[in-house]
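Asks: Sending over a structure as structure tokens; questions will come in a sec.
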Amino acid sequence: QVQLVESGGGLVQAGGSLRLSCAASGRTFSSYDMGWFRQGPGKEREFVAAIRRSVTTFYADSVKGRFTISRDDAKNMAYLQMNSLKPEDTAVYYCAASNLVLFAALEGQYAYWGQGTQVTVSS
């Protein structure tokens, strides 16, 4: 079992940056694949980025080149650095984890989820 708590959301102007953090409980964080998903107003939840235990990373095309996912296993933390933010990035961002993720972009692959943190990008 692992519990996830996101932080770092807020209101930012277009072109700005935010760094989201995901704090995980438990002693086996390094054995989990981690992902970030988001759900915008009136939209379904969508994949943003993922990082495997091997630190291989994956990104949605919409954020590639602007967002960077990382992890610090010593601190049980995962991060999402978001640069060049756009109004369409406005959403609740969720951190997710699982012991084994075969298809990083599929939310059904993730067993554990945080409560989410709101990101609002103004134009």
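Asks: In the stretch 1-30, what residues are open to solvent by less than 40 Å² (accessible area, probe 1.4 Å), among the hydrophobic types (A, V, I, L, M, F, W, C) and more than 16 Å from the chain's Cα centre (by Cα)?
Replies: Hit for the stretch 1-30 is V12, nothing else.
Asks: Another one. Go through the stretch 58-79 and count every residue that is out of contact with any Lys or Arg (no Cβ under 8 Å at 6 or more places or on another chain), crowded, with 16+ Cβ neighbours inside 10 Å and either part of a loop (DSSP other than H, G, I, E, B) or of a type in the set (S, T, Y) (or both).
Replies: Number of matching residues: 5.
Asks: Return the total of residues in the stretch 43-57 being modelled with pLDDT of 95 or more and over 13 Å from S98 (Cβ atoms).
Replies: Total meeting the criteria: 8.
Asks: While we're here: Considering every residue within the stretch 37-44, establish whether at least one is farther than 15 Å from G9 by Cβ, open to solvent by less than 40 Å² (accessible area, probe 1.4 Å) and part of a loop (DSSP other than H, G, I, E, B).
Replies: no
Asks: Exactly one condition in (1) under 20 Å from S122 (Cα atoms); (2) among the hydrophobic types (A, V, I, L, M, F, W, C); (3) open to solvent by 50 Å² or more (accessible area, probe 1.4 Å) is false for M82; which is it?
Replies: (3)
Asks: Kindly provide the set of residues from the stretch 84-123 that are in contact (Cβ under 8 Å) with a residue 24 or more places away in the chain, in a loop (DSSP other than H, G, I, E, B), more than 19 Å from T28 (Cβ to Cβ) and more than 14 Å from the chain's Cα centre (by Cα), ordered by number.
Replies: Answer for the stretch 84-123, where residues must be in contact (Cβ under 8 Å) with a residue 24 or more places away in the chain, in a loop (DSSP other than H, G, I, E, B), more than 19 Å from T28 (Cβ to Cβ) and more than 14 Å from the chain's Cα centre (by Cα): S84, L85, K86, S123.
The values are calculated or read from the model by the stated rules, or taken from the named source; none is laboratory data. Since this is a predicted model, take the numbers as computed values, not measurements. Neighbour counts run over all protein chains shown; Cβ positions are idealised from the backbone, glycine included. Heavy atoms of the whole protein, side chains included, go into the accessibility calculation; ligands, DNA and RNA do not. Shrake-Rupley method; radii C 1.70, N 1.55, O 1.52, S 1.80 Å.
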